[in-house]
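Written out below as structure tokens is the structure these notes cover.
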Amino acid sequence: MAKIHTEKNKAIDRPGGPSPQSSTTAKERWQREYNKQIGSTEPVYNRSGVAIKPIYDRHDWDGSHSDTELGYPGQSPMTRGIYPTMHRGRTWSQRQLIGFGIPADYNARLRGLIKSGVSAVSLIPCNSVYRGFDADQVPAELLGTCGVVLNTVDDMDACFEQVDIADLSTAQNDPSPFTLLALLLAVAKRRGVPWSRVTGTSNQSDYISHFVANHMFFRLALPGARRVLVDHIAFTLEHVPGWNPLSVVGQHMQQAGATPAEAMAFTLSTAIQYARDCINRGLDPEQFFPRFTFFFDISISVFEEVAKFRAGRRIWESIVREQFEVKNPRAGRFKFHAQTSGVDLTRQQPLNNIARVATQAIAGILGGLQSLHTDSYDEVLSVPTEQAARIAIDTQNILREEAHLTDVIDPLGGSYYVESLTNQMQEKITSVMDRIEGCGGMYNAVQNGVVQTMIGESALAFQQRIDSGEQTLVGVNRYQDESQATPTAGLERTAPERISTHLQTLERFKENRNQSTVRKALDQLAHAANSDSENVYAKVVDAAVAGVTHGEIVACLRREFGDGAPLIVP
Amino acid sequence: MNPQQLADRLRAGDRSVLGRVISVAENGGERWQRLLRLLSPADDTAIIGFTGSPGSGKSTLIDALITELRGREKTIAVVAIDPSSPFSGGAVLGDRCRMNRHQGDPGVYIRSLSARGSVGGLSAGAGRVVEVLKSGSFDLVLIETVGSGQSEVDILELADMCIVICTPNSGDDIQAIKSGICEIADILVVNKADLAGADRTIQQLITAGNLPSNAARKVPVLPAVATQGTGIPVLVDRILAQDSTARAATPDRKDSGRIHRRLARTIARDVEQQLLDSSDQELTELCDLIQRGQSSFKNAALAWMTKRKL
Amino acid sequence: MQPPPRILVTKIGLDGHDRGSRIVATALRDAGMEVIYTPPWQDIETVVGLARDEDVDVIGIGSLATDHLLVPKLMDALKDAGLDHVCVVVGGIVPEVDERDLLTAGVSRVFHPGSSMQEISVEVSRLAQCAREQAPEII
């Protein structure tokens, strides 16, 4: 682990600085004046529980170890960024989540986005898809209200109608067993696009985060989910080399209530678990580590988030280099996508959320993110409207091209406060990681409910800070403006007729496919699930090509591996 | 609904009244006294207690047992007791979370109770609730204690048989063995037996169970992996076999000291409830004396008991 | 002394975000109530069965996506089961149009983001009292 140096026990001054005498006196004078005016010496704590002082100086961080603690961008320990050019070169992928209605609706919105110059898109399926069901297995009222209803290779084809999928980077919210990628590969096959040109990320591949926090995405019992993930990584490394099969998701943990430090710790511990599982499967660390990506939440606690990202980069680089002894310099790059946190947004005076999202985004940008999603201000009112989504995109455009945020790499680097906070966050993060190791790694820790309990306690503590007024929430516990009525969100819901037409399409699809091919594919899938020598994900892809639906694939694996029931610690 | 109709519906296991009747039982008092007259508890309902430290997997084990027992066409009621907050008296009753898949099954009834401040693993109303369930149409009543990790001996008052659940390498469990948990247990289950160290724990428990002090009763030690259903059929065989042996045997086959303790506690508990519910003149006077500082609790109690030749 | 209110905190439909319902469950406990807590995705018939078997006074449904659209069905099912006295509250992201529909369907109260735990527990406790008064006497 990159060594960090705590400055508090060291001799205070070094030659070259101001003389000890005058410095101490000046500081003492300031301290007296400060105490007199503030009237309290109570520390302030950030969300992770780090005590924050009113001022930082070289006693907190003197830069004497900056070569080993910071280095330069793209170099070990990567504290300042993972690429030599960072935002000076390429800023970040502007990735907005889209998914709504039926495939034709998604296609219309996607083509609009591509026309406006977007080259990286996302695909958010309907909650019924998340739960592992086809459209004909759930109450029709709920279809297409939160994402696109997408169950078959035909549906996927319709989503990308008249869109060239070669080299189009798609991020898919696609939990285990990764049926959406399978359907996309089936479409590529149908269109003659080689799999080597299918690029993007399996955004929701982190089943541990689903087991712990985002329960909706948890479909297969833990041992099955563990097996499928490793097979998925093995399959894509071999057949879809432009694909990032793994995104380790700290975002769910933080959304569920983990503090920023806890969320980072859980994410890193999870990534270590997956790396060990890949190694046990015989995969080459030099090859798989560069394909690991991460996904985080950005809260409005600006400096804390910056420090979280900087510390996370440094810890990950040293884990890959020292613990796993990987030589490939690309392997230690802590590539991450980040999303502004919905937890900080308020229903009261909702236009204020535009300011909150901008602030969160600034924190993420200063923290050195590679990809960003900004929330729409109306997310707390309903499913985001198109107009609100537009403002969210323009928020990114403003920050990128008007605000001069990208002129300098790691602009907060060298700040007494930020460097000291980065070190303290690192200590917090590694102490949580040590606790997880003590439980035998992340897989065991989540089975025992240790992580769930920590998250629950942190969530409650945060709520109590809001209820007590200790944590201000504008419009909620301070600065309420009764005259400002909550604007009614424009509700976009798919017309019931369109949903019923879609259900008929699904019925026809199921009738018209070659039934014996479908049966055979499902048999082979079930067989692979019970055989250690086969790659079960290869059979998921075969099934998608054979016309097996999303719901049928998930149902088959639920039978073989057991249904995923998250451990809920009330 | 007149009392007779209520009694009939209860006997028939009518769900639409059972939940409300159990609340009456749980809350005690005058309505309970009225209800008690309508009950006709069956003698052949097996009452099985489950105790063990937090995280030993009691609820998951019971969930697996329900599946197995249903396969053998037994009807089951479960009473799951969760701790209450010492500050507010409230409780989050989450044990049944792990058994919810049986919710739609008409042969299974699950009820969560808060300990409502009781220590000892049960709640004050648990005994009354069991009386109601015995009057329903259940073959077995399974009681899950709070599972505080303390020795929860109260379950002995209620249950015909007590199953203690341990996990491998748990220091708490070894402590519990030392503190005489084998005395409570009719069966010891080592859950999560797929974890490392399970064999050692099983050996330790067998040794503890065979100590000379325990010579009269040999406590079987059974491994299980509740999440996978491993070991569950054997456990059910054992439960059903022990239950019928116990029934066939004369009462003195059982540890007579245990029965004595159980009866004494039951009487004490019932007397306590009656006193709490009553507006006895003499009690009021004694309370006044205490309040005025003219008597201690101990002396007041002595005076009351002496008068009743206790 | 009145026995504590019994509250069922649950989620129906497809969404699984349960941070809010967990916090609410704890807050109600800290206000002295007995809370039966379930994982998300309960069927409507399961919720009705739980309400009946656990004899609850109030059902709290968390809805962060659009699952509240199923709540009118729940209200019907409660009525069919003879549990009209049980009060239902919904908390989460509920657009105003939907809120009107829910209230019309018999929901007692909708809590939006930003509701304080204090506000929620006071109201739930009041509704529990109402439910007890409305419940038919059995003995």
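The values are calculated or read from the model by the stated rules, or taken from the named source; none is laboratory data. What you see is a predicted model, and the numbers here were worked out from it, not measured in a lab. Reconstructed Cβ throughout: ideal geometry from the backbone, glycine too, with neighbour counts over all protein chains shown. Only protein heavy atoms, including side chains, enter the accessible area calculation; ligands, DNA and RNA are left aside. Shrake-Rupley method; radii C 1.70, N 1.55, O 1.52, S 1.80 Å.
Kindly establish whether A:R47 is under 30 Å from A:E386 (Cα atoms), of a type outside the set (S, T, N, Q), under 27 Å from the mean Cα position of the chain (by Cα) and open to solvent by 30 Å² or more (accessible area, probe 1.4 Å).
So A:R47 does not fit the description; no.
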Conditions (1) under 21 Å from A:S202 (Cβ atoms); (2) surrounded by fewer than 23 Cβ atoms within 10 Å (Cβ to Cβ): number failed by A:F303: (1)
Please identify the pairs in which a residue from region A:156-176 that is surrounded by 24 or more Cβ atoms within 10 Å (Cβ to Cβ) has its Cβ atom under 8 Å from the Cβ atom of a residue that is aromatic (F, W, Y), counting only partners at least 6 apart or on another chain. A:C159/A:Y106; A:P175/A:Y130; A:P175/A:Y207; A:P175/A:F217; A:P175/A:F218; A:S176/A:Y207
The lone condition A:L567 fails out of (1) hydrophobic (A, V, I, L, M, F, W, C); (2) surrounded by fewer than 21 Cβ atoms within 10 Å (Cβ to Cβ); (3) within 31 Å of the chain's Cα centre (by Cα); (4) away from chain B (no Cβ under 14 Å) is (4)
Residue check for A:G440: of a type in the set (G, A, S), open to solvent by 30 Å² or more (accessible area, probe 1.4 Å) and closer than 30 Å to A:D60 by Cβ: no
Going through region A:206-248 one residue at a time, which ones are open to solvent by 10 Å² or more (accessible area, probe 1.4 Å), small (G, A, S) and under 27 Å from A:S196 (Cβ atoms)? A:A234, A:G242
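Consider B:D44 carefully, then state whether it is more than 14 Å from chain C (Cβ to nearest Cβ) and at negative phi. Talk me through it step by step, then tell me what you get.
Numbers: more than 14 Å from chain C (Cβ to nearest Cβ): yes; at negative phi: yes.
Taking the combined requirement at face value, the residue satisfies it.
Only one of B:L35, B:L10, B:L39 is modelled with pLDDT under 95, buried (at least 17 other Cβ atoms within 10 Å of the Cβ) and more than 30 Å from C:V9 (Cβ to Cβ); which?
B:L39
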Picked from region C:1-39 (must be aliphatic (A, V, I, L, M), more than 9 Å from chain A (Cβ to nearest Cβ) and assigned to a loop (DSSP other than H, G, I, E, B)), the residue most open to solvent (accessible area, probe 1.4 Å) is C:M1
Is at least one residue of region A:187-199 in contact with a Ser or Thr (Cβ under 6 Å, 6 or more places away or on another chain), surrounded by fewer than 24 Cβ atoms within 10 Å (Cβ to Cβ) and not in a helix (DSSP H, G or I)? yes
Tell me whether region B:64-80 contains one or more residues that are open to solvent by 10 Å² or more (accessible area, probe 1.4 Å) and at the interface with another protein chain (Cβ under 10 Å from one of its Cβ atoms). no
In this structure, does A:V446 turn out to be at pLDDT 90 or above, more than 13 Å from chain C (Cβ to nearest Cβ) and under 22 Å from A:N46 (Cβ atoms)? no
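Okay, residues lined up against (1) at pLDDT below 90; (2) crowded, with 24+ Cβ neighbours inside 10 Å; (3) more than 12 Å from every other protein chain (Cβ to nearest Cβ); (4) farther than 15 Å from B:D154 by Cα:
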{"site": "B:A91", "(1), (2), (3), (4)": "no, yes, no, yes"}
{"site": "B:Y109", "(1), (2), (3), (4)": "no, yes, no, yes"}
{"site": "B:S123", "(1), (2), (3), (4)": "yes, yes, no, no"}
{"site": "B:A126", "(1), (2), (3), (4)": "no, yes, yes, no"}
{"site": "B:S137", "(1), (2), (3), (4)": "yes, no, yes, yes"}
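Condition (residue is of a type in the set (G, A, S), open to solvent by less than 30 Å² (accessible area, probe 1.4 Å) and touching a His at 6+ places or on another chain (Cβ under 7 Å)) applied to region C:124-136: is it met by at least one residue?
Here is the first cut: in region C:124-136, the ones of a type in the set (G, A, S) are C:125, C:128, C:131, C:135.
Next, from what is left, pick out any that are open to solvent by less than 30 Å² (accessible area, probe 1.4 Å): C:128, C:131, C:135.
Remaining after also requiring touching a His at 6+ places or on another chain (Cβ under 7 Å): C:131, C:135.
Checked against the condition, which is being of a type in the set (G, A, S), open to solvent by less than 30 Å² (accessible area, probe 1.4 Å) and touching a His at 6+ places or on another chain (Cβ under 7 Å), region C:124-136 yields at least one hit.
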Give me the pairs, please: first residue somewhere in region A:520-543 and over 17 Å from A:L222 (Cα atoms), second residue anywhere and of a type in the set (F, W, Y), beta-carbon distance under 7 Å, and either six or more positions apart or on two chains. A:N535/A:F235; A:A538/A:F235; A:V540/A:F178
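Listed here are the residues, each with its yes/no results for (1) more than 20 Å from A:T201 (Cα to Cα); (2) away from chain C (no Cβ under 12 Å); (3) open to solvent by 20 Å² or more (accessible area, probe 1.4 Å); (4) under 24 Å from the mean Cα position of the chain (by Cα).
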| residue | (1), (2), (3), (4) |
| --- | --- |
| A:G112 | yes, yes, yes, no |
| A:S116 | yes, yes, yes, no |
| A:P125 | no, no, no, yes |
| A:V129 | no, no, no, yes |
| A:E141 | yes, no, yes, no |
| A:G144 | yes, no, no, yes |
Selection from region A:376-401 of residues that are at pLDDT below 90, in a helix (DSSP H, G or I) and within 14 Å of another protein chain (Cβ to nearest Cβ): A:D378, A:E379, A:V380, A:A388
Of all residues in region A:458-475, which are surrounded by 16 or more Cβ atoms within 10 Å (Cβ to Cβ), at the interface with chain C (Cβ under 10 Å from one of its Cβ atoms) and not hydrophobic (A, V, I, L, M, F, W, C)? A:Q463, A:Q464, A:D467, A:G475
Out of (1) open to solvent by 10 Å² or more (accessible area, probe 1.4 Å); (2) closer than 17 Å to A:V50 by Cα, what's the single condition that is false for A:Q251? (2)
Looking across region A:340-373 at residues that are touching a His at 6+ places or on another chain (Cβ under 7 Å) and open to solvent by 20 Å² or more (accessible area, probe 1.4 Å), the single one that is farthest from C:S115 (Cα to Cα) is A:Q370
Read through the list (1) open to solvent by 20 Å² or more (accessible area, probe 1.4 Å); (2) more than 24 Å from B:V17 (Cβ to Cβ); (3) under 17 Å from the mean Cα position of the chain (by Cα); (4) within 14 Å of another protein chain (Cβ to nearest Cβ), then give the number of the only condition that B:L156 fails. (4)
